[in-house]
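Worksheet: one structure, shown below.
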Amino acid sequence: MTATHPTWTATRPHLRTVLDDLVDDRILGVSLHVHDTSGEWAASAGRAALDGTAAPSVDTRTRIGSNTKTFTAALVLLLVHEGRLGLDDPAAPHLPGLDLDPRVTVRMLLQHTSGVFNFTGDADADGAFEQGMPSNYGPAAREWLAARFETHRPEDLARFALARTARFEPGTRWSYSNTNYVLLRLIVENVTGRTLGEEMRRLVIDPLGLSGTSVPDASPDLPEPYARAYFRYEEDGQEQTVDVSRHNPSWISTGGDMISTPHDAATFFSALLGGRLLPADLVAQMCDPFPTPIPDMGYGLGVFVQELADGRTLVTHNGGMAGYATLMYGTPDGSTTMSAALNCVDDAEMSVQGAFQKVQQVLVDAVFQGEAIAP
């Protein structure tokens, strides 16, 4: 079943077919929003809940996971624009009481080149996985499930990570670490004297009119309408499936705690890349990629920069959050953006990841390779 927003013309039949083909017993539902030179288009397909038949709302509220990093990076760059921070300032003076290497700069945190341990787990020098704090994947996933309504302070997440050995010398390599963005949260709060949520509303949410976007802090609630997300595990030979839509997201903090909608995400990304939120020089620095081990993918300041096989460039980020997955893609000038929200049945092994990667590729091909962009 596919639902289309009632205020938008029900065109683009190819995209409607694509959405219907993406859903299955693991990817339950997909909500998609496209903004391009032909206007806006939104639709959804699949199911909002395991025990229902209705498609997710095209305005579904969803946990956007690591797309929180892009919002946070934009906020930090707005503070740079206000003169409150410098990108190449040492971060440690803004983090009293935390033993951060004094060589680490604000830019390195934004770029994942600081070398700090990822508090949700990281690879050691030999490549073996070193367990972090419980999260919804890996061997401690059941522990996370049992404690998913507990509150964690960002300072404690940071201390846990900084007590571990750094992965490499600051600025010399790239390694994705949720800790970087928890430290940025603490920097924002130290510099402004206000919470990250208050600053996010002042500088990003309110100016762009993002009515479905929020920083939940420790609240487990999602505003309606929202699709359901699930965690599946086996116990005593029996398969168990738990609705994990509601949980306390403070366990991940600014690594991935925000709530938004596909419409708001597309609006934000269009404004960001199109220079309507940040000055052009800061957008250019944001999209200047540092090399990563991921083929054809660099990382700027809170965004990935992807080189397509035909030579074109896309700016992107995605996020996974306990049965939710989100996508944000845009052309470098922001003229075409695509955002999507998925509700899934996931597990400790993240076995839904392969299906998620397929969804990414199919939607990028459909939206950015011409077939779905024409009026």
Just for region 332-352: of the residues that are assigned to a loop (DSSP other than H, G, I, E, B) and not aliphatic (A, V, I, L, M), which one is most open to solvent (accessible area, probe 1.4 Å)? Glu349
Starting from region 84-100, keep only residues that are over 20 Å from Ala284 (Cβ atoms), then list their pairs with residues that are open to solvent by 20 Å² or more (accessible area, probe 1.4 Å) and part of a loop (DSSP other than H, G, I, E, B) whose Cβ atoms are within a distance under 7 Å, requiring at least 6 positions of separation or different chains. Pro90/Pro102; Ala92/Pro102
Among (1) aliphatic (A, V, I, L, M); (2) more than 20 Å from Ser66 (Cβ to Cβ); (3) open to solvent by 20 Å² or more (accessible area, probe 1.4 Å); (4) not in a loop (DSSP other than H, G, I, E, B) - the single one Ala355 does not satisfy: (2)
By residue number, the members of region 204-238 that are open to solvent by 60 Å² or more (accessible area, probe 1.4 Å), free of Cβ contacts under 8 Å to residues at least 40 places away in the same chain and assigned to a helix (DSSP H, G or I) are Asp206
Please report, ordered by residue number, the strands (runs of 3 or more DSSP E) entirely within region 239-331 with at least 1 residues that are free of Cβ contacts under 8 Å to residues at least 40 places away in the same chain and surrounded by fewer than 21 Cβ atoms within 10 Å (Cβ to Cβ). 297-299, 304-307, 313-321
When region 153-177 is checked residue by residue, the ones that are part of a loop (DSSP other than H, G, I, E, B) and not hydroxyl-bearing (Ser, Thr, Tyr) are Arg153, Ala163, Arg164, Ala166, Arg167, Phe168, Glu169, Pro170, Gly171, Arg173, Trp174
Picking from Phe129, Phe149, the residue that is closer than 30 Å to Arg26 by Cα and without any contact (Cβ under 8 Å) to a residue 12 or more places away in the chain would be Phe129
Filter region 347-362 for residues that are under 17 Å from the mean Cα position of the chain (by Cα) and in contact (Cβ under 8 Å) with a residue 60 or more places away in the chain; which is nearest to Ala140 (Cα to Cα)? Met350
Inspect all residues belonging to region 191-203 and state whether any of them is over 18 Å from Tyr137 (Cβ atoms), small (Gly, Ala, Ser) and open to solvent by less than 10 Å² (accessible area, probe 1.4 Å). yes
Within region 170-179, is even one residue crowded, with 18+ Cβ neighbours inside 10 Å and in contact with a Lys or Arg (Cβ under 6 Å, 6 or more places away or on another chain)? yes
Among the residues of region 33-46, is there at least one that is open to solvent by less than 10 Å² (accessible area, probe 1.4 Å), among the hydroxyl-bearing types (Ser, Thr, Tyr), in contact with a Ser or Thr (Cβ under 7 Å, 6 or more places away or on another chain) and in a helix (DSSP H, G or I)? no
Keeping to region 98-131, report how many residues are under 28 Å from Val76 (Cβ atoms), open to solvent by 10 Å² or more (accessible area, probe 1.4 Å), in a loop (DSSP other than H, G, I, E, B) and modelled with pLDDT under 95. 1
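The values are calculated or read from the model by the stated rules, or taken from the named source; none is laboratory data. Treat the numbers as computed from the prediction; the structure is a model and nothing was measured. Glycine also receives a Cβ, built like all others from the backbone with ideal geometry; neighbour counts cover every protein chain displayed. Surface accessibility is based on the protein's heavy atoms, side chains included, excluding ligands, DNA and RNA. Shrake-Rupley method; radii C 1.70, N 1.55, O 1.52, S 1.80 Å.
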